[in-house]
Amino acid sequence: MKKLFITSALLLVSMISVFAQNEKYVQAMESSISLLDKVDKAKNDPVELQEIANRFERIGTAEAKEWLPRYYAAYCYTLMGLSGNSIAEKDKFLDKADGLLKESETLAGKPSDEILIMKAYAAQIRLAADGMNRWQKYGALFTENIDAAKAVNSDNPRIYYLEGSSLFFTPEEYGGGKKVAKPLLEKSIAKFAAFKPQSSIAPQWGKMEAEWMLSQANQ
Amino acid sequence: MVDRFVSSKTQNLSAMKLFYYLLFFSTSVAYGQTVVKGKVMDKKGHALPGANVFLKGTYDGTTTDSSGAFYFKTFEKDSAALAASYVGFEIAETKLSLKGKEIVYQFRLEELANELNTVVITAGAFEASDEKRMAMLKPLDIVTTAGAAADITGAIQFLPGAQRVGEQEGLFVRGGSGQETKVVIDGMIVQNPFFSSLPDVQQRGRFNPFMFKGTSFSTGGYSAQYGQALSSVLLLNTTDKASNNGLGISLNLANAGLNYDYATKNQSISAVAYYGNLKPLFTLVKQNVDWLHEPEFKGSSLTYRLKPTKHGVLKVYGMYSDSRLSMNSKDPSNESGKMKLDLKNRNAFVTSTYTDQWRDGKWLLNSGFSYSRNKDNMTFDAVHFDRFDERTQARLVLTRLLSGNNSVLFGGEAHVINLQNGVDGTLYHLKDRYTAVFAESEIYVTRQLAGRVGVRGEYSSLLDRFNVAPRLSFAYKTGKYSQVSLAAGQFYQNPDYRYLYLNKNLNFERADHLILNFQIIKNQRTFRFETFYKNYAQLVREFTGQAYDADPYRFPWGTTNNGGHGYARGFDFFWRDQKTIKNFDYWVTYSYVDSKRLFQQFDHAATPTFISNHNASLITKKWFEKIQTSLNMTYAFTSGRPYYNPNNEEFLADRTPAVHNVSIQASKLTSIKGNLIILYASVDNIFNIKNVFTYRYTPDGKTRYAVGPQSYRSFFVGTQIMLSKKAKVDKNDL
């Protein structure tokens, strides 16, 4: 009896310590995600984003098996790629994002729609840095990742937000423009309404951005 | 923790108490914090704000402030690893012993090797690439250069080191003839890069510039991977995947074509078919050539790409073209002053390459196999001159990447070349088996100093000779944006096949290059200066015992040996500015060359007829964003070239007048019903200058003919329509 008690107590201890660790991880992620949510996406201040990226990277080094911290750090660097001062600086941040996404892919083990979407996003921002010279390579990379994400989970609303935003910023002469972007943004918003994130720390971004862009497309 | 639990006497505690006790115990094993603070800097002592500082394996850490300083507290005990990371820098870490006493540590991070802080070996090379950020041109720049007519060599001839020779095709580089430049696609030598040569009419390249993702034009001192070119190699790398799915139509004054791209995840296919006829254009643009049958051509190409493994890429490209024309060419030696020429050409080229990598890219494989076949049926005034050539080649290169950017590669290639010339019933035939092996290593001594050392060995069965050619290159970074480089090497090439038909005892011709380069690339502005000395040796001389025969189409018949020699020396510079004016880009090129040779029928050293001492060009590109239109202009100047005047006692002492040419080109992007449309129009030689490329004399030496361009002022319009899927949103996407 005593033995049984000790054994079950031991089991409990080990479970608690795992649970506590997990709770610490979730809490750290939640607080960092809420900081990221507060970033003004119209400005994407690199100093602010760097601080948040560092938080995610620290969580990532402590939680060597989790792909989400790296994913979020990559998201921060992708946004920094948007606000960099020069093509070289933008590329530096996007190189970092690509590296983190590669790590998270390895950790996730199987194809993840969210990682593929982030890869598409990074490609889109790289294209935006030097559209004339880059549309050929990064346009194809964007499409490739979007298609792969659809194959994994075609209900992910971020897919359609990115597709819509890509068309939104493409000149009409190239088959883009507000008019063609609109149905995709509408589809994204409809998918957001039905979207249930798997956990409190699973990716949820994009709804606000899609709504804002749709309001612009309606003008 | 479990051990401690077991050793303590907890049996008497209730389960509940135990639970809380354990919870407390497990979450705060340690108490008493340690302050960790310091600064993160680069090697030069500049603060790095925004750096990540943390204890490895824990959640503890912080971000450095604007002065690079950090400060945090940790509950961790005993030993820990403190690490600092920063974008673009190598991560650094140090072991700490945490005992509650404040710890102060300063990090000095090392910058990661990147294109800005690492020297690149560049002497002699001029690159157009999307992938390399330090490339001076983008592939798109080649297509949009006015005056180049979307022809790759047409654009390359405006680059430093190239001399323009208006009446012949080919790239004339730093005192070299057009035959001294080889065109190489994905490592494979292209036997017939241009449409069949015609008397005094420059021919276009056979390849569409959109096929290539990168172009590297070497003006000398090139890698041991390539051979059989005394002056230069033009390296073209095909794209790895189709850029868009769907059908495209191209329509212009010279031809109509269809292209179709289809891609799946691991495979893609591109097909092109075209028919061309220059009759409509030539009725609109006055011709200096008397056409009897305007050039008419049809062709097709097919590209297949497969990704069989994660990094492996197989590409197969095949093309076939067929053309015919008939013209009266000027012939001073003929009584009527002209000669009727008929030409029918059939050309096929198939190349396949396979590239792969293993062990995280540490081993790279490049391999290829190609076959080309070309047949010209020609008649000059009803006398038959048939040409046939065939080249089969295989190539294999293995590269091993070592740490710190160092690499070593080795490889080999083998060619079988068949040549036939039929001159009025007599058939001349040649067969050469050419093999080469090479090894080369890139060594980065520091990030500032790098070298490339290579050696190439070649054997030609036709010459039954072997050569060993060393190649050397160094580069040193002189500042954040500038570097100097030096290249030297020996280059061998088989003599012109026309000499080999009659004399199989000839040796390789040889050139030795020495090149010094300085360049600054900063903030979308580029300055490049290069100076060179080139020594020519073992050039073929022909002894006829008669007066110099200036007919460029003569078939050599005299005795020959390798007793010729020569030199070329000069410098060139390049300046490009994309920054100063928004949406305006311009570049200026100037090349100077001084050269003399004793070769061919020369009985003493003189400047060959293809040399122009001064070549300058100004290329501008202006983009009008609102109307989605670009307007590009090119001005090209070529100083006079020597020509043979039988009445002048001094050999090749006369000079033609200089050649000036201004061309403009406009292209507009628009869309009709969601299909992307590119409209383009160009005017060549807008000032209608009556340029003269060279002069020819009648046999009595009394009458002089001027050889000029095919037409003076000329224009061209066309359109490219892309019926691409991307151009509209499919219902299935919604």
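The residue pairs whose first member lies in the stretch B:571-582 and is farther than 30 Å from B:D594 by Cα, whose second member is open to solvent by less than 80 Å² (accessible area, probe 1.4 Å), and whose beta carbons are closer than 7 Å, counting only pairs six or more residues apart or on different chains, are B:Q578/B:D585; B:K579/B:R525. Of all the listed residues (B:A162, B:A128, B:A148, B:A123), the sole one being within 14 Å of another protein chain (Cβ to nearest Cβ) and open to solvent by less than 40 Å² (accessible area, probe 1.4 Å) is B:A128. B:L314 meets all of the listed conditions (1) assigned to a strand (DSSP E or B); (2) more than 27 Å from the chain's Cα centre (by Cα) but one, namely (2).
Residue under question is B:W363, and the condition is that it be open to solvent by less than 80 Å² (accessible area, probe 1.4 Å) and in the same structural domain as B:N266 (by TED's automatic domain parsing); does it hold? Let's see the steps before the verdict.
Working: open to solvent by less than 80 Å² (accessible area, probe 1.4 Å): yes; in the same structural domain as B:N266 (by TED's automatic domain parsing): yes.
When the stated conditions are applied, B:W363 passes them.
Of all residues in the stretch A:32-44, those that are away from every other protein chain (no Cβ under 11 Å) and open to solvent by less than 80 Å² (accessible area, probe 1.4 Å) total 8. For A:E186, the conditions (1) at the interface with chain B (Cβ under 9 Å from one of its Cβ atoms); (2) open to solvent by less than 50 Å² (accessible area, probe 1.4 Å); (3) modelled with pLDDT of 90 or more all hold with the exception of (2).
With the requirement that a residue be within 30 Å of B:N685 (Cα to Cα) and either surrounded by fewer than 17 Cβ atoms within 10 Å (Cβ to Cβ) or over 30 Å from the mean Cα position of the chain (by Cα) (or both), what does the stretch B:259-276 give you?
Narrowing the stretch B:259-276 to residues within 30 Å of B:N685 (Cα to Cα): B:274-276.
Once the filter is applied, which keeps residues that are within 30 Å of B:N685 (Cα to Cα) and either surrounded by fewer than 17 Cβ atoms within 10 Å (Cβ to Cβ) or over 30 Å from the mean Cα position of the chain (by Cα) (or both), the stretch B:259-276 yields only B:Y275.
Among the residues making up the stretch A:143-179, those that are assigned to a helix (DSSP H, G or I), facing chain B (nearest Cβ under 9 Å) and open to solvent by less than 40 Å² (accessible area, probe 1.4 Å) are A:A148, A:Y160, A:E163, A:L167.
In the stretch B:274-290, the residues that are over 10 Å from B:N252 (Cα atoms) form Cβ pairs under 8 Å with partners that are open to solvent by 60 Å² or more (accessible area, probe 1.4 Å) and hydrophobic (A, V, I, L, M, F, W, C), at six or more places apart or across chains, as follows: B:Y274/B:L258; B:L284/B:F715; B:V285/B:F715.
Just checking, does the stretch B:328-335 include any residue being under 23 Å from the mean Cα position of the chain (by Cα) and crowded, with 17+ Cβ neighbours inside 10 Å?
no
Determine if the stretch B:311-319 includes at least one residue that is more than 23 Å from B:Y262 (Cβ to Cβ), touching a residue at least 12 places away in the same chain (Cβ under 8 Å) and of a type in the set (A, V, I, L, M, F, W, C). No - not one qualifying residue is present in the stretch B:311-319. The criterion of being touching a Ser or Thr at 6+ places or on another chain (Cβ under 6 Å) and either modelled with pLDDT of 90 or more or not aliphatic (A, V, I, L, M) (or both) does not hold for B:N685.
The number of residues in the stretch B:612-657 that are assigned to a loop (DSSP other than H, G, I, E, B) and within 16 Å of B:W587 (Cα to Cα) comes to 0.
If you check B:Y222 against the conditions, is it in the same structural domain as B:S367 (by TED's automatic domain parsing) and part of a strand (DSSP E or B)? Steps first, answer last, please.
Details: in the same structural domain as B:S367 (by TED's automatic domain parsing): yes; part of a strand (DSSP E or B): no.
No: the conditions fail for B:Y222.
B:D60 fulfils the conditions (1) open to solvent by less than 30 Å² (accessible area, probe 1.4 Å); (2) farther than 27 Å from B:Y476 by Cβ; (3) facing chain A (nearest Cβ under 10 Å) except for a single criterion, (1). Among all residues of the stretch B:611-631, there is at least one that is within 19 Å of B:P552 (Cα to Cα), within 27 Å of the chain's Cα centre (by Cα) and buried (at least 17 other Cβ atoms within 10 Å of the Cβ).
Among the residues of the stretch B:583-595, is there at least one that is within 20 Å of B:V173 (Cβ to Cβ), out of contact with any strand residue (DSSP E or B) (no Cβ under 6 Å at 6 or more places or on another chain), in contact (Cβ under 8 Å) with a residue 24 or more places away in the chain and open to solvent by less than 50 Å² (accessible area, probe 1.4 Å)? Please lay out each step first, then the result.
Here is the first cut: in the stretch B:583-595, the ones within 20 Å of B:V173 (Cβ to Cβ) are B:587-595.
From what is left, the residues that are out of contact with any strand residue (DSSP E or B) (no Cβ under 6 Å at 6 or more places or on another chain) are none.
Checked against the condition, which is being within 20 Å of B:V173 (Cβ to Cβ), out of contact with any strand residue (DSSP E or B) (no Cβ under 6 Å at 6 or more places or on another chain), in contact (Cβ under 8 Å) with a residue 24 or more places away in the chain and open to solvent by less than 50 Å² (accessible area, probe 1.4 Å), the stretch B:583-595 yields no hits at all.
Each row is one residue, and each column tells you yes or no for (1) hydrophobic (A, V, I, L, M, F, W, C); (2) open to solvent by less than 20 Å² (accessible area, probe 1.4 Å).
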position	(1), (2)
B:A636	yes, yes
B:S639	no, yes
B:E649	no, no
B:A653	yes, no
B:A658	yes, no
B:N661	no, no
B:Y680	no, no
B:N685	no, yes
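B:M211 meets the conditions (1) open to solvent by 10 Å² or more (accessible area, probe 1.4 Å); (2) of a type outside the set (S, T, Y); (3) more than 14 Å from chain A (Cβ to nearest Cβ) in every case but one. The failed one is (3).
Within the stretch B:395-407, the residues that satisfy the criterion of being free of Cβ contacts under 8 Å to residues at least 60 places away in the same chain, surrounded by fewer than 16 Cβ atoms within 10 Å (Cβ to Cβ) and of a type outside the set (K, R) are B:L398, B:L402, B:S403, B:N406.
Based on what the data block shows, is B:N691 in a loop (DSSP other than H, G, I, E, B), open to solvent by less than 50 Å² (accessible area, probe 1.4 Å) and away from chain A (no Cβ under 14 Å)? Working first, answer last.
On the way: in a loop (DSSP other than H, G, I, E, B): yes; open to solvent by less than 50 Å² (accessible area, probe 1.4 Å): yes; away from chain A (no Cβ under 14 Å): yes.
When the stated conditions are applied, B:N691 passes them.
For the stretch A:54-111, the set of residues classified as surrounded by fewer than 24 Cβ atoms within 10 Å (Cβ to Cβ), more than 19 Å from B:K56 (Cβ to Cβ), within 10 Å of chain B (Cβ to nearest Cβ) and hydroxyl-bearing (S, T, Y) consists of A:S86 only.
Please indicate, with yes or no, whether at least one residue in the stretch A:185-198 is free of Cβ contacts under 8 Å to residues at least 60 places away in the same chain and among the hydroxyl-bearing types (S, T, Y). Yes.
I'm trying to understand the selection: among the residues of the stretch A:203-219, which are small (G, A, S) and surrounded by fewer than 13 Cβ atoms within 10 Å (Cβ to Cβ)?
Here is the first cut: in the stretch A:203-219, the residues small (G, A, S) are A:206, A:210, A:215, A:217.
A:S215 - this is the single residue of the stretch A:203-219 that is small (G, A, S) and surrounded by fewer than 13 Cβ atoms within 10 Å (Cβ to Cβ).
Against the numbered list (1) closer than 23 Å to B:L140 by Cβ; (2) within 14 Å of chain B (Cβ to nearest Cβ); (3) open to solvent by less than 20 Å² (accessible area, probe 1.4 Å); (4) among the β-branched types (V, I, T), A:I125 comes up short only at (2). For the stretch B:660-668, the criterion of being within 14 Å of another protein chain (Cβ to nearest Cβ) and at pLDDT 80 or above is met by at least one residue.
The values are calculated or read from the model by the stated rules, or taken from the named source; none is laboratory data. What you are looking at is a predicted structure, and each value in this text was computed from that prediction instead of being measured. Note: ideal-geometry Cβ built from the backbone for every residue, glycine included; neighbour counts use all protein chains shown. We work out accessible area using only protein heavy atoms, side chains counted, and drop any ligands, DNA or RNA first. Shrake-Rupley method; radii C 1.70, N 1.55, O 1.52, S 1.80 Å.
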